[in-house]
Each structure stands twice: as structure tokens, then as C-alpha cells.
Amino acid sequence: STAAVRESSHAPLPSPPQLCGDYWMEHEMRLLDGKPLSYTLALIKPDAVLANNASDILDDMSKLFIVADVHLAQWRAREVEAFYSDLSGKSFFPALVEFMSSAPMYAVTLVGPDAVVKWREQCGPTDPKVASMTAPNSFRARYSAMDGVIMHNVVHGSDSVARAAFEVAMVPTRVAPR
């Protein structure tokens, strides 16, 4: 696994293992420039990794957030199914599981004020074509291949603080054998 911690002149962050679970629930009121810190999970999806865009995406993330933890792993289908269990009834679920377990991806813990909302804003709309028209500076507009497959939208972001806690805890921290 790869780990990156952005140096900051602000109060030191806890070590990466402490980022998960109850620690943040108890300590998320730490301040950065007078604003409370929170965290979110970002995934750099297989399409971005295979297109060799992951390092550029990570670099861009580090300009916007504190990158507290990074894991590179190829997820097993059962790990993807558990991670996206809330989507299991959707018609696209089997294709999503196949895609997300098809190649390695990065799981990145981002920290900053209102991290969930700000990261989702930076991601842009789910459909990369819509993102290119309505949010041209978003990650999805800048890095997606625009191949017509909506799930090939290069990044994922937690949709709530509670979901972020769940997702961070679900991240595999080893390279999964095929």
C-alpha cells in the first residue's frame, strides 16, 4: 500500500490508523483556519488508474484537501458488493461490481472543512458528459474518457458523513490476489 500525508502548518493530524471509526466521531471538531475538520473517502476508480491519471488526480486532491491516507488495492468482487451494498437492487449493480473489481484503484482519505460536500462538488456530476458541460473544472470533466459509460467517471465520493465513516472502514488495505 502507498501512504501520503500532506505537510501542513496547521495543527498536526492523527496518524492514519486513527482516522477510522470513533476517533473522528469524537474529534471532528478540530479546526483548520477556524473551521471544523471532517473527512471523506475518495476513490480513484479503475478507469483513471488504467489511463495513468491517478498521480495527477492525487496531486490535484492534495491542493484542495489534506490527503491523510492512501491505499492502492485491487478489490475483490465481494468487497465491492459490500462497499456498494446500498446499490444492490439497482440494475447496473452487476456491471458496477465487475468494473470496480477489474483493476486496482486508490482509496484516499481526504480531510478538510466540510470535506464530504466539498469533495462531491469537486467530483462534479455523476455523468462525465454532464460534468463537462456544467462543471468543466471538476475531476469528472477533466479526467473521464467520455466513453458513454456513466460509471467510468474516474472518482467516487462519500455522500454523507455517516457513509464516509462506513466507507473508510470498508477499504481493503492489501493488494487483493485475483
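The values are calculated or read from the model by the stated rules, or taken from the named source; none is laboratory data. Keep in mind it's a predicted model, so treat the numbers as computed, not measured. Cβ sites come from the backbone with ideal geometry, for glycine too, and all protein chains shown count toward neighbours. Heavy atoms of the whole protein, side chains included, go into the accessibility calculation; ligands, DNA and RNA do not. Shrake-Rupley method; radii C 1.70, N 1.55, O 1.52, S 1.80 Å.
Calculated FRET efficiency, F166 to T134, Cβ-Cβ distance, R0 = 22 Å: about 0.15 to the nearest 0.05. For S85 and I150, FRET efficiency with R0 = 25 Å and r from the beta-carbon atoms, rounded to 0.05? For I150 and S85, the calculated efficiency is 0.80.
For the stretch 90-178, the relative contact order works out to 23 percent when only alpha carbon pairs closer than 8 Å and six or more residues apart are counted.
Of the residues T40, T134, ranked by 1.4 Å probe accessible area with the largest first, the sequence reads T134, T40. For the stretch 54-112, carbon and sulfur atoms together expose 52% of the accessible surface, with a 1.4 angstrom probe and every protein chain in place.
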